[in-house]
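Novice: Below: one structure in structure tokens.
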Amino acid sequence: MSALPSNARSDELPKAVGFGREICGQLDQAERREWWLTNGRGAYAAGTLAGSLTRRYHGILVAPVAPPLGRVLVLAKADARLVEGEREWPLFTNRWSGGAVQPAGLVRIESFRLVGRIPTWIYAIGDIRIEQRIWLERNADRIWIAWRPVAGHPDRNLRLRVDLLVDARDHHGVTQGGHTQPELRLEDGQLRVLHHHWFELGIRTIGGTVRIDPAWVEAFDLPIERERGLEDRDDHLRVAQAELRLETGTWTGITAAVGPEPAPTLDLEESLRRQYARDAELIARARSADPAFEMAPDWIRRLLLAADDFIFARPLEDVPDGESVIAGYPWFGDWGRDTMIALPGLTLATGRPESARRILETFARFVDGGMLPNVFPGTGEVPEYNTVDAALWYLEAWRAYLETTGDIGALERVFPTLDAIVRAYRDGTRYGIGMDPEDGLIRAGEPGVQLTWMDAMVDGWVVTPRIGKPVEINALWYNGLVAMRDFALRLGLDPAPYARLAEDAAAGFQRYLRSDGDGLIDVLDGPEGDDASLRPNQIFAVSLPASPLSPEQQARVVSVCGRELLTSHGLRSLAPSHPDYRGRYLGDRWERDGAYHQGTVWGWLLGHYALAEYRVTDDAELALSRLEPMADHLRDAGLGSIGEIFDGDPPHTPRGTPLQAWSVACTLEAWWRLRRTQTADPGQVPAT
């Protein structure tokens, strides 16, 4: 049977990410690969290819029961057994504390495919083959799980018996059996799981029945949490068992949602069509917006889908259609720095400028003292303004938006806010942030505070404080001043104040040049003098549109970063030759945070390296080739997406969040900009 509904455009969707028994039947390989679904509201669903739980964050439905990001695990598992007469075959896998893996239903997985973004399994038992799909409804906290026989004798009486396991805990936690006892009701064929004065979960079958059967299922083992030095045991409450009829070619299944509202339709086929249509439309939109995507390779088309996973609704009282960016799944929310870095790749490269504008205007409401909040506030919360670079990335995000759209009206509205950012950085604002009039550079930092993107802190220990004048902050400062000069010209305003500041910053930036000519100093004028540690922060002095360096100086930066820091999936955060280098990101929080920016590879930096290399070589093919290893990574870890970090030492094992916004965005943006240089009209000067 066709993997797609008849009216879905298979030519728009990328080829399925897929595996056979060689991966599906091996526990370590099948658990290493995870599927993830999102819904544009902050909800998600996730699990391993094997069907086992390995993280506290794995679950069939994790929903923001306290919007926008008060996320709670509400439906943990839907464990299915194929039943024929007295015989049954588990199609699921469970790990238990103590080391047992029982049942090991993964041995019945014949194949796994990611069709669009929808995970799809084929289970084979003799001549019977059962297909399973899971999808999360867009803009609704509703999950769908569907099965159908795709081979076997039609006269056989086949059923599925599905155990439904729920929970009611913060997604960052674990559960101890008995902690919650919801009221269970069966009304009009729907199971209602009522957590009074909190939330309700409704579960309905399509093509079957459900009966209440409560019991705690205890001692699930979570090996990834153990690897991270965290609690590695979890319990869940089985509330019911569903019985589903199986008829060849006909979908049957379960839908579950938070809230009392009924499903808009119980037509599984129609719901599936909507999911595929959205994926196809996202790819078609990018192709329509820019011819660079006409002949995009399959892995880039898949990144167009991955980009959509991070954009979510952030309504404000005066911006009801506000949007923001979730920095990474599963444990991050929306951060100012991450949002602005990711914005061009997630929205402008993908043909979604209206989302870019809504995000930019949403954040404009929170500029204070010239700063953007690092952690976006939830309802009733106070913003945290502990970042020196978010506001400077905000200037660059507006530059990219104007470059793409020419939206002068939006620029006119926001220009006073952008000017306030420049003035605050020039005159001084929080945490010692301000311009040194002696060299025109921005200084920042106070003891006990982490302000740059290298912001690991554990129990008061700031691992990389970088107090002084960090190199990337002043690369961003210069780039932002040039953008403001150009904005003023476009609005008919006086550009001279910004031009003068840019000239001073460019002159002062020469102080970063190392005496040995091998790249740039990382931090000037720190408490203990200059810090010449070889880090990737200098790459932004070449990758950003406006550079304060000469072509020869740029080439030396790219050379040293390529020689000492470049890996297949990003740049190391510290050179291996440094005594503080940590090549593995493992262990408890102290060990992991101690390695976070001390050698760990960051995926988002690969796109910036590719752009910088193109700038100094004018070789787009070479620069594009730097991105190609990410195509293989899409078949590992968080399937179809790009993770946060990798070990500094080979083989550069994926670590951290399996889906990271700026990793996807910066890879996609770099490919887009580099590909445009190859498709541009002769004589056109491409934006780098």
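The values are calculated or read from the model by the stated rules, or taken from the named source; none is laboratory data. Source: prediction; values computed, not measured. Methodologically, a virtual Cβ is constructed for each residue, glycine included, from the backbone with ideal geometry; neighbour enumeration extends over all protein chains shown.
Novice: Condition test on residue 265, is it more than 27 Å from residue 354 (Cβ to Cβ) and at pLDDT 95 or above? It would help to see each step written out before you state the result.
Specialist: Working: more than 27 Å from residue 354 (Cβ to Cβ): yes; at pLDDT 95 or above: no.
No: the conditions fail for residue 265.
One line per residue, one yes/no per condition, for (1) crowded, with 24+ Cβ neighbours inside 10 Å; (2) under 27 Å from residue 557 (Cβ atoms); (3) free of Cβ contacts under 8 Å to residues at least 12 places away in the same chain:
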{"residue": "602", "(1), (2), (3)": "yes, yes, no"}
{"residue": "638", "(1), (2), (3)": "yes, no, no"}
{"residue": "646", "(1), (2), (3)": "yes, yes, no"}
{"residue": "649", "(1), (2), (3)": "no, yes, no"}
{"residue": "656", "(1), (2), (3)": "no, yes, no"}
{"residue": "663", "(1), (2), (3)": "yes, yes, no"}
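Novice: What pairs come up if the first residue lies in segment 396-424 and is over 17 Å from residue 478 (Cβ atoms), the second is crowded, with 19+ Cβ neighbours inside 10 Å and of a type in the set (Ser, Thr, Tyr), and their beta carbons are under 8 Å apart, counting only those six or more places apart or on different chains?
Specialist: 407/401; 410/401
Novice: Right, another one. Residues in segment 42-62 that are closer than 21 Å to residue 324 by Cβ and either part of a helix (DSSP H, G or I) or over 14 Å from the mean Cα position of the chain (by Cα) (or both): how many?
Specialist: Matching residues across segment 42-62 total 2.
Novice: Need the failing condition index for residue 268 against (1) assigned by TED's automatic domain parsing to the domain that holds residue 350; (2) over 24 Å from residue 198 (Cβ atoms), just the number.
Specialist: Checking residue 268 against (1) assigned by TED's automatic domain parsing to the domain that holds residue 350; (2) over 24 Å from residue 198 (Cβ atoms), the one that fails is (1).
Novice: Let me ask another. Is there any pair with a first residue in segment 176-203 that is in the same structural domain as residue 162 (by TED's automatic domain parsing) and a second that is in a loop (DSSP other than H, G, I, E, B) and surrounded by 18 or more Cβ atoms within 10 Å (Cβ to Cβ) whose Cβ atoms are under 6 Å apart and which are 6 or more apart or on different chains, and what are they?
Specialist: Matching pairs, first to second residue: 193/182; 194/182; 195/182.
Novice: (1) surrounded by fewer than 20 Cβ atoms within 10 Å (Cβ to Cβ); (2) in contact with a Ser or Thr (Cβ under 6 Å, 6 or more places away or on another chain): which one isn't true of residue 583, the others all being true?
Specialist: The single condition residue 583 does not satisfy is (2).
Novice: Run down 502, 483, 475, 507 and say which single residue is in the same structural domain as residue 558 (by TED's automatic domain parsing), over 27 Å from residue 604 (Cα atoms) and either touching a His at 6+ places or on another chain (Cβ under 7 Å) or not in a strand (DSSP E or B) (or both).
Specialist: After ruling out the rest, the residue left standing is 507.
Novice: Exactly one condition in (1) within 28 Å of the chain's Cα centre (by Cα); (2) more than 28 Å from residue 150 (Cβ to Cβ); (3) acidic (Asp, Glu) is not met by residue 261; state its number.
Specialist: Of the numbered conditions (1) within 28 Å of the chain's Cα centre (by Cα); (2) more than 28 Å from residue 150 (Cβ to Cβ); (3) acidic (Asp, Glu), the odd one out for residue 261 is (1).
Novice: Would you mention how many residues in segment 253-310 are of a type in the set (Ser, Thr, Tyr) and in a strand (DSSP E or B)?
Specialist: 1
Novice: Find the residue count for segment 510-558, including only residues that are assigned to a helix (DSSP H, G or I), among the acidic types (Asp, Glu) and either crowded, with 19+ Cβ neighbours inside 10 Å or in contact (Cβ under 8 Å) with a residue 60 or more places away in the chain (or both). Show your work before the answer.
Specialist: Quick first cut of segment 510-558, residues assigned to a helix (DSSP H, G or I) only: 510-512, 536-543, 551-558.
Of the ones still in play, those that are also among the acidic types (Asp, Glu) are 552.
If we keep only those that are either crowded, with 19+ Cβ neighbours inside 10 Å or in contact (Cβ under 8 Å) with a residue 60 or more places away in the chain (or both) too, we end up with none.
Going through segment 510-558 one residue at a time, the tally reaches 0.
Novice: Only one residue in 587, 638 is within 23 Å of the chain's Cα centre (by Cα) and farther than 30 Å from residue 302 by Cβ, so which one is that?
Specialist: On the way: 638 fails: farther than 30 Å from residue 302 by Cβ.
Every option except 587 fails the conditions.
Novice: Restricting attention to segment 280-334, and to residues there that are among the aromatic types (Phe, Trp, Tyr) and more than 21 Å from residue 141 (Cβ to Cβ), which single residue is surrounded by the fewest Cβ atoms within 10 Å (Cβ to Cβ)?
Specialist: Residue satisfying both the conditions and the ranking: 299.
Novice: Only one residue in 83, 150, 107 is assigned to a helix (DSSP H, G or I) and either surrounded by fewer than 20 Cβ atoms within 10 Å (Cβ to Cβ) or at pLDDT below 95 (or both), so which one is that?
Specialist: 107
Novice: Which of (1) surrounded by 20 or more Cβ atoms within 10 Å (Cβ to Cβ); (2) farther than 30 Å from residue 584 by Cα is the odd one out, the single condition residue 238 does not satisfy?
Specialist: Exception for residue 238: condition (1).
Novice: Also, I was wondering about something else. Kindly evaluate residue 611 against the criterion of being within 30 Å of residue 498 (Cβ to Cβ), touching a strand residue (DSSP E or B) at 6+ places or on another chain (Cβ under 6 Å) and either part of a helix (DSSP H, G or I) or not assigned by TED's automatic domain parsing to the domain that holds residue 668 (or both).
Specialist: Answer is no for this residue.
Novice: Follow-up. Find all pairs meeting these conditions: Cβ atoms under 7 angstrom apart; at least six residues apart or on different chains; first residue within segment 450-470 and assigned by TED's automatic domain parsing to the domain that holds residue 539; second residue aromatic (Phe, Trp, Tyr).
Specialist: So the pair list comes out as 451/431; 456/596; 458/590; 463/596.
Novice: Would you tally the residues in segment 433-469 being buried (at least 23 other Cβ atoms within 10 Å of the Cβ) and farther than 17 Å from residue 392 by Cβ?
Specialist: The total comes to 2.
Novice: Conditions: (1) at pLDDT 95 or above; (2) more than 17 Å from residue 352 (Cβ to Cβ); (3) not aromatic (Phe, Trp, Tyr). Residue 285 meets all but one. Number of the miss?
Specialist: If we test residue 285 against (1) at pLDDT 95 or above; (2) more than 17 Å from residue 352 (Cβ to Cβ); (3) not aromatic (Phe, Trp, Tyr), just (2) comes out false.
Novice: Sort out which residues of segment 214-224 are in contact (Cβ under 8 Å) with a residue 40 or more places away in the chain and surrounded by fewer than 19 Cβ atoms within 10 Å (Cβ to Cβ), and write them in order of number.
Specialist: 217, 218, 219, 223
Novice: Confirm whether residue 393 is surrounded by 19 or more Cβ atoms within 10 Å (Cβ to Cβ), of a type in the set (Phe, Trp, Tyr) and closer than 27 Å to residue 599 by Cβ.
Specialist: So residue 393 passes the test.
Novice: Could you run through segment 586-608 and say how many residues are closer than 20 Å to residue 537 by Cα and part of a loop (DSSP other than H, G, I, E, B)?
Specialist: Matching residues across segment 586-608 total 6.
Novice: Would it be correct to say that residue 338 is surrounded by fewer than 24 Cβ atoms within 10 Å (Cβ to Cβ) and farther than 18 Å from residue 407 by Cα?
Specialist: Against the criterion (surrounded by fewer than 24 Cβ atoms within 10 Å (Cβ to Cβ) and farther than 18 Å from residue 407 by Cα), residue 338 does not qualify.
Novice: Under 6 Å between Cβ atoms, at least 6 apart or on separate chains: pull out the pairs that start in segment 560-576 with a residue that is assigned by TED's automatic domain parsing to the domain that holds residue 612 and end on any residue that is part of a loop (DSSP other than H, G, I, E, B) and of a type in the set (Asp, Glu).
Specialist: As it stands, the answer is 560/518, since those pairs meet every condition given.
Novice: While we're on this one: From (1) surrounded by 16 or more Cβ atoms within 10 Å (Cβ to Cβ); (2) closer than 25 Å to residue 459 by Cα; (3) out of contact with any Phe, Trp or Tyr (no Cβ under 6 Å at 6 or more places or on another chain), pick out the condition that doesn't hold for residue 589.
Specialist: Only one criterion is unmet by residue 589, namely (1).
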